[in-house]
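Working notes, beginning with the structure itself.
The values are calculated or read from the model by the stated rules, or taken from the named source; none is laboratory data. No experiment lies behind these values; they were computed from the predicted model shown. Cβ sites come from the backbone with ideal geometry, for glycine too, and all protein chains shown count toward neighbours. In case anyone asks, the SASA skips ligands and DNA or RNA and just uses the protein heavy atoms, side chains included. Shrake-Rupley method; radii C 1.70, N 1.55, O 1.52, S 1.80 Å.
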Amino acid sequence: MIRKSLMLLYALGAYILSMVALVYIMGFLINFGVPKGISSDTIEAGQSLGTWPAILINTGLVALFGLHHSITARTSFKRWWINIIPAPIERATYLYMTAAMTALLIMFWQPIPITIWYVQSDLAAGFIYAGYISIWTMMVAATFHFGHFGFLGLTQAWQNFRDTQPAPSNMTARYLYALVRHPISLGWMLAPLMTPHFTVGHLVFAAAAFVYILLATPFEEADLIEEIGEPYRNYRDRVPTFVPFAKRPLVDPDQRRR
């Protein structure tokens, strides 16, 4: 029981740390309420670097973050990983690693405060901030579709603590997931753009995140097809990837099987 209690506390710590990292990233992208923002740094770190070295460093940081996510989120990696990390805290451990990668990105990020656009109207800026908050609300809401606490590692540790088996998962395509297959990824594409003061630093983050998501999504969907099978293939044929209401090409089932 002590071991299970420690696992539960470990998972709770991962949940809290994930929430802290999420709130910091929200402030980081709009330079609000945090000591170091995407285009501002109160300790003036890295300001002596030129623009191109800073672009290369920042692109590498986003790529490193994405590489961590792509490798550790793969089904094949998880099969190997649970031989080292107990299954009830596998997700929580992933979240600790993600928080560490987030801290690394923020710590070594090089602000590039070269303005691309600046919205001076308070009313227009207010609408932009409202859109920004709406995007993050959408992203958090999307986690509840398939289990918010399981997504953040608590459910697994709680079930282990209570000696209960996880309920069988059934794929459903409702709410946000009836509009697009990847609403969280869509949010990551849009959030860096929703700021009244858009700088080259924002552009580098947005472009690197956009490219990463386009490259990583096919691997993520391959895992989902392996896990869910035909229901996910049918869902993929019906629902667009990122753009709501985009027309999907008609696919002949026999042709798809071939």
Review point. Any idea which residue in region 178-199 is farthest from HIS145 (Cα to Cα), counting only those that are of a type in the set (A, V, I, L, M) and out of contact with any Phe, Trp or Tyr (no Cβ under 8 Å at 6 or more places or on another chain)?
Key: LEU193
Point to revise | Unique residue being surrounded by 15 or more Cβ atoms within 10 Å (Cβ to Cβ), hydrophobic (A, V, I, L, M, F, W, C) and either more than 28 Å from ARG238 (Cβ to Cβ) or without any contact (Cβ under 8 Å) to a residue 24 or more places away in the chain (or both) when the list is TRP136, TRP158 | key: TRP158
Check your understanding: Can you name the number of the only condition in (1) closer than 24 Å to GLN165 by Cβ; (2) touching a residue at least 24 places away in the same chain (Cβ under 8 Å); (3) surrounded by 13 or more Cβ atoms within 10 Å (Cβ to Cβ) that GLY37 fails?
Key -> (1)
Practice item. For region 169-188, state whether one or more residues are part of a helix (DSSP H, G or I), in contact (Cβ under 8 Å) with a residue 60 or more places away in the chain and of a type in the set (A, V, I, L, M). Key: yes
Revision key, fill the gap. Of (1) surrounded by fewer than 17 Cβ atoms within 10 Å (Cβ to Cβ); (2) assigned to a helix (DSSP H, G or I); (3) more than 14 Å from the chain's Cα centre (by Cα), THR164 fails just (2)
Review point. Within region 113-129, how many residues turn out to be open to solvent by less than 60 Å² (accessible area, probe 1.4 Å) and part of a helix (DSSP H, G or I)?
Key: 4
Practice item. Could you list, in sequence order, all residues of region 65-112 that are surrounded by fewer than 16 Cβ atoms within 10 Å (Cβ to Cβ), closer than 22 Å to GLY37 by Cβ, touching a helix residue (DSSP H, G or I) at 6+ places or on another chain (Cβ under 8 Å) and not small (Gly, Ala, Ser)? Key: LEU104, PHE108
